[in-house]
């Protein structure tokens, strides 16, 4: 990284979605990055504030033109899976470093990807991508041209379970996830109509959620090759995810031992907070923080791990900025405090 | 009404919307009416419970066939404006009594209708329709073949202001309305996406809401020919409407006088509750009740009137059932307690 | 039950809480029971509507006088644990049949009760109490003088897991519960302040919730002597409980086998609905229904069982009415449809 | 202001309430001010994060000791009315500049204060206080030792109506206010219990809200000596206030004229945003911004003004910081972007 510009210019491709818009906002306020342009497949010409009055980026959405994009140093791509890969390929060809928020480069096995998603448009790029879970892949991210940001649920799941996986302690695990409606995206649907959601809670994607193979892949890589139970539930909140993980251990642990395992792993982490009581999602709203609480359950011998993140921040947009910071040699937390 | 069947059969035309589905539910539980069929323009063949797990009508939606509908004694029509009128015409021709929930027969002046809505498909029927505000039109409703149920806002507005209008006391009035999201209908849109609504409140339709000319018409008919200020606000609640009415009076009133005016008018009404403190919409949720509180403001000489209804019940579906009760000679409140 | 009055008179002792007030409302509308009086330890003299404008029982709260209460045929007692038992004793002495909503007579082992609650004021009565889970104890309830209504979580938990327990299929189970705020009671506290709850979700009572021993007791009685993992989470909803149960099975089951086990057990039950998709709590709001969905998970070999109830209805007040119906020889569902 | 320290030290007195805690958070992140201490009347010794996990100020609450406080350059006082004044007096005596968030120094007429609040503990200080509505009192604030921050409703009301008042255009005005629950404070009460608020909306303080005389005072000072109608409504949101103002004008205005009046007044204001559509409170959440939309209503000749603020930010804590910035010669928006 011999020639990092002092103020690298970054474009956000797909800034009309929730996460893309937040990424744009974070870049626009960032002390070093310069937000060069924001693009969208629809709504070209519209000021971002028309779509999001709460954001104050004073730019209008543009149609993406790869050759103009070539002037930028980096891009955050916030397209749906299947649509992201070709754009990522075009940007990489033009020399940009890319942080991709889609699922296209998260799964290392192309057949797994294709079983859960769509035919992969650019399988040749998979091996070039680094999985962008900041706390577990810092060095690789720093040197990468392409970073695949984790899904929001896998972000929280791996942060919650990584220390136990690495210690070989997971025999079996149930992950019961609760998520806000923004995780479902901005497109109006029956399922995100206010009347369908308010005063309600409902499981969805039971046995079929696409974040399952991603969690399996990462847990296995860390030493826990078990198929997880993972069931998300839709809650009447807009942002936030809470994962309640119930772990059958390979050997008994006291509360002190359990806490020590996490303290050792996360003691130096700026954006993982080990907390004394089970966290609520409000505690981490609009932050890059994952709050984790652990409980060694004497009655059952299990370990409970509760992890809360903001799905649009740590789960997507702010983790992307943290990774971009690393890719350009900046402090990981720059612009995120 | 020489030959009222003991158990009149009723169909609900357009039962896939919020109000139509509630009307179906109320008819299905009704001690006298028999719910003969429920129809919808889409979703024919689907059990209603697939759309509304909270309703327990064990019927499936059908496509409407007017000639089969002819076997029924009455219909509740819950179609959008412009689409309702032709169906109403077809049902009337076949001898059914009809309660229409659309705007098509609410405005007595066809030009006003056409300025605010669409070209009227069946203007010849307008004069046959009775405006279905139960408390103000009971006798006419009882004898009508076609009842046009009021809009949800006009229902609350006229109940709130009628006594003052009839007494010639309204010089000027500001109606600030707060409504739940169900008032906007079931079709998913940006504006009813959970994320757009939660933790938010926003005025809409400022100076342009279609319920304004309807409120003007009815207030004028009762003796208050003033153009109202009427501004609705969208709230993060699903059902319920609160109207805060600020009335400049033609002469000063004490609190006792003001209360007496309302007590005289509504003392015998089963479904208007005069309450001692400003009502909340939860107080009347899933009821046919309009709760009203009045305040003679010494500081300003104005009268404040607060009225709360459930927009889908008193504002639409349960008022339709009350009217249907009257049309068939039953007690107005049958099936609504 | 030689001399059941046609219209038994019932008092609600402790009608100022959420569940007591709903029980009063249900009795007041009940075709057979006569609501004779409602009492509370505070607020004597206040009309119930002052506390609950949404309820329409036209009675005022009274202070309880046991000797006057003796005129009634039955009582529903809605006092906190520890306070309920002496009142129940007094009412039983005076010949009333009692449905108790507290925890005082749920646990058959007095030491377990005292470990989780307080010193038991009336241990001699424990053996006289019948555990009031309607679907599992119908005959005993019908003949009982004292019925101890289950806790809201145990109600849903046993309905969810009972069929598997009876079939000896539960090797291990994780119950992740989501509950509305009304479950916490009416007393204002930091934890139920609107600002603390909205846009939030948080586990509570981890490893320490008092409904755990009750679930253990009942599951063991049905054939599954395993300590359960049970973790409740507080959600920004007012009423409703969803239990997500993840069962490690003693032998593999297909989806068809799993469904058949439940169909056999609940096929004739009026208030258990086996549903094809995971239920939301809105589906059962203000009903006596428990909606259950089952999923045989091929990936992990586990069975998932999702159960939704209204904590204040099926979880408390309406189940009490169903039990009272049985105790007086009425149809179980009378007044609950 | 000859000797402004580069990094003035500030204490927050009463940091355990919502607004005090936010003020502490803003000061802790402020590039120039140094947060020296946070105090509270209860909870001394507790880290602020125990009370507010979402705030990250790493300080514990202390008991206030005036003599130790003397070392600071300034204080933000967030005590209830009546309790604030004596503390403000003590701090002023010790040479601190004070921004007071209570009502104690907002009303210039002590009798008016005493009629609406309590006997005034320190009437001698009233004349020394500057009313801290930043946009209208910038110069006086800059030179003041004591700034009385406006109430949240008056902040929005005067920003909404000031331009019309100054132009002598207000003949009469109705202000219908909608507010989130945080405006009611942190103390748990029946009225802020989640169950009382969710899915509800209700007027409160009708004809009796303490912000009325404050609005009257300021409007009169700006040229509109009319008693306002002001009715607040409690909404199921945590933060945010929307004021809908319906103004009877002294002469007719076109939409263009109305917009021009506001553009002239607020064109240079960094924290007043004139917006083209009626604002929602989400648009200004956690900002120092007041968003205003105006509508000249042809039907009625009235002007409608809609103003949205965050009651805890612009309505209290962030306006306090803006004022403190001015008092120390910093840019008004420092630390608030």
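Some points to look at:
- Given (1) away from every other protein chain (no Cβ under 13 Å); (2) without any contact (Cβ under 8 Å) to a residue 60 or more places away in the chain; (3) in a loop (DSSP other than H, G, I, E, B), index of the condition residue C:200 fails: (1)
- Condition met for residue D:304 (more than 30 Å from residue D:194 (Cα to Cα), touching a residue at least 24 places away in the same chain (Cβ under 8 Å) and within 8 Å of another protein chain (Cβ to nearest Cβ)): yes
- Test: residue B:144 is more than 13 Å from chain D (Cβ to nearest Cβ), modelled with pLDDT of 95 or more and either part of a helix (DSSP H, G or I) or surrounded by 21 or more Cβ atoms within 10 Å (Cβ to Cβ) (or both): yes
- Criterion applied to A:127, A:102 was being under 26 Å from residue A:181 (Cα atoms) and surrounded by fewer than 23 Cβ atoms within 10 Å (Cβ to Cβ), and the one residue passing it is A:102.
- Restricting B:294, B:281 to residues that are touching a strand residue (DSSP E or B) at 6+ places or on another chain (Cβ under 9 Å), more than 14 Å from chain C (Cβ to nearest Cβ), under 24 Å from residue D:174 (Cβ atoms) and surrounded by 24 or more Cβ atoms within 10 Å (Cβ to Cβ) narrows the list to B:294.
- Lone unmet requirement of (1) surrounded by 15 or more Cβ atoms within 10 Å (Cβ to Cβ); (2) at positive phi for residue A:45: (1)
Per-residue answers, yes or no, for (1) in contact with a helix residue (DSSP H, G or I) (Cβ under 7 Å, 6 or more places away or on another chain); (2) outside any strand (DSSP E or B):
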{"position": "D:6", "(1), (2)": "no, yes"}
{"position": "D:10", "(1), (2)": "yes, no"}
{"position": "D:16", "(1), (2)": "yes, yes"}
{"position": "D:21", "(1), (2)": "yes, yes"}
{"position": "D:42", "(1), (2)": "no, yes"}
{"position": "D:49", "(1), (2)": "no, yes"}
{"position": "D:53", "(1), (2)": "yes, yes"}
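- Total residues in the range A:232-274 satisfying the condition of being within 11 Å of chain C (Cβ to nearest Cβ) and in a loop (DSSP other than H, G, I, E, B): the figure is 6.
- Restricting D:91, D:61, D:66, D:35 to residues that are crowded, with 19+ Cβ neighbours inside 10 Å and in contact with a helix residue (DSSP H, G or I) (Cβ under 6 Å, 6 or more places away or on another chain) narrows the list to D:35.
- There is no residue in the range A:101-111 that is more than 29 Å from residue C:238 (Cα to Cα), in a helix (DSSP H, G or I), within 14 Å of chain C (Cβ to nearest Cβ) and out of contact with any strand residue (DSSP E or B) (no Cβ under 7 Å at 6 or more places or on another chain).
- The lone criterion from (1) more than 11 Å from chain B (Cβ to nearest Cβ); (2) crowded, with 22+ Cβ neighbours inside 10 Å; (3) on the phi > 0 side of the Ramachandran plot left unmet by residue D:192 is number (3).
- Residue B:135 satisfies every condition listed in (1) touching a strand residue (DSSP E or B) at 6+ places or on another chain (Cβ under 9 Å); (2) closer than 21 Å to residue B:114 by Cα; (3) outside any loop (DSSP other than H, G, I, E, B) except (2).
- Residue in the range D:171-188 that is assigned to a loop (DSSP other than H, G, I, E, B), within 12 Å of chain B (Cβ to nearest Cβ), touching a residue at least 12 places away in the same chain (Cβ under 8 Å) and surrounded by fewer than 22 Cβ atoms within 10 Å (Cβ to Cβ) present: no
- Test set (1) surrounded by fewer than 24 Cβ atoms within 10 Å (Cβ to Cβ); (2) under 30 Å from residue A:34 (Cβ atoms) - residue A:323 fails condition number: (1)
- Unique match (being within 14 Å of chain D (Cβ to nearest Cβ), surrounded by 19 or more Cβ atoms within 10 Å (Cβ to Cβ), in contact (Cβ under 8 Å) with a residue 12 or more places away in the chain and under 17 Å from the mean Cα position of the chain (by Cα)) among A:15, A:78, A:21: A:21
- Tallying residues that are on the phi > 0 side of the Ramachandran plot and either at pLDDT below 95 or in a strand (DSSP E or B) (or both) within the range A:206-231 yields 1.
The values are calculated or read from the model by the stated rules, or taken from the named source; none is laboratory data. Given the structure is predicted, the values throughout are model-derived calculations rather than measurements. Cβ coordinates were reconstructed from backbone atoms using ideal geometry, including for glycine residues, and neighbour counts include every protein chain displayed.
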